[in-house]
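These notes concern the structure reproduced below.
The values are calculated or read from the model by the stated rules, or taken from the named source; none is laboratory data. None of the values given here were measured: they were computed from a predicted structure. Because the Cβ atoms are built from the backbone with ideal geometry, glycine has one as well, and the counts that use them run over all protein chains shown.
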Amino acid sequence: MDLGCGAGRDSKNFIDRGYEVVSVDASTTLALLAKQKLGIDVICKTFDEIDYSEEFDGVWACASLLHCDKVKLPDIIAKVRDALIPGGVFYASFKYGEFEGERDGRFFLDLNEESVVEVFSRVSGLAIKKVWESVDVRRDCDVKWINIVAEKN
């Protein structure tokens, strides 16, 4: 599942590599753009509406969960855990930092190594496998990212 797929960039990459992808985004506009790009149905749901049970080998949430507030994030992570099969893998990324609030008209939650581990550790049934910092690949962009991979027990 590509959770918060936006216009479908990462979903397309997965599909091109032979994966069966379920793309999900809360924005009807972005879901329509992704559907046109991917040629597959894109599910329009908010993170709160995720209700899958042991259906996915992996969940990709690249720069999407950073739009959740920190209080709700453990519940969202638990929904992702429930969507994974045992042994399933969950990847998420957040802008690096300690900010929570509105930026450029949108809500953002920035995390660092300590806070991402703290939030993910609140959810039982997930084992954190790796946490690392990375830099943005876009030109003229100095954004740093915190990345996390967890596995469902």
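Among the residues making up segment 18-34, those that are without any contact (Cβ under 8 Å) to a residue 12 or more places away in the chain and either more than 20 Å from A92 (Cβ to Cβ) or small (G, A, S) (or both) are G18, E20, T29, L32.
Listed by first and then second residue, the pairs linking a residue in segment 49-64 that is in contact (Cβ under 8 Å) with a residue 24 or more places away in the chain and on the phi < 0 side of the Ramachandran plot to a residue that is assigned to a loop (DSSP other than H, G, I, E, B) and of a type in the set (A, V, I, L, M), with Cβ atoms under 6 Å apart and 6 or more places separating them unless they lie on different chains, are F56/M1; V59/M1.
Among the residues of segment 124-153, those that are in a loop (DSSP other than H, G, I, E, B), touching a strand residue (DSSP E or B) at 6+ places or on another chain (Cβ under 9 Å) and not aliphatic (A, V, I, L, M) comprise G125, D136, C141, D142, N153. Checking the stated criteria, V117 turns out to be part of a helix (DSSP H, G or I) and within 16 Å of the chain's Cα centre (by Cα).
In the set (1) crowded, with 18+ Cβ neighbours inside 10 Å; (2) assigned by TED's automatic domain parsing to the domain that holds K12; (3) of a type in the set (A, V, I, L, M, F, W, C), the condition left unmet by I40 is number (1).
Against the condition under 14 Å from the mean Cα position of the chain (by Cα) and under 23 Å from W145 (Cα atoms), how does S93 come out, does it pass? So S93 passes the test.
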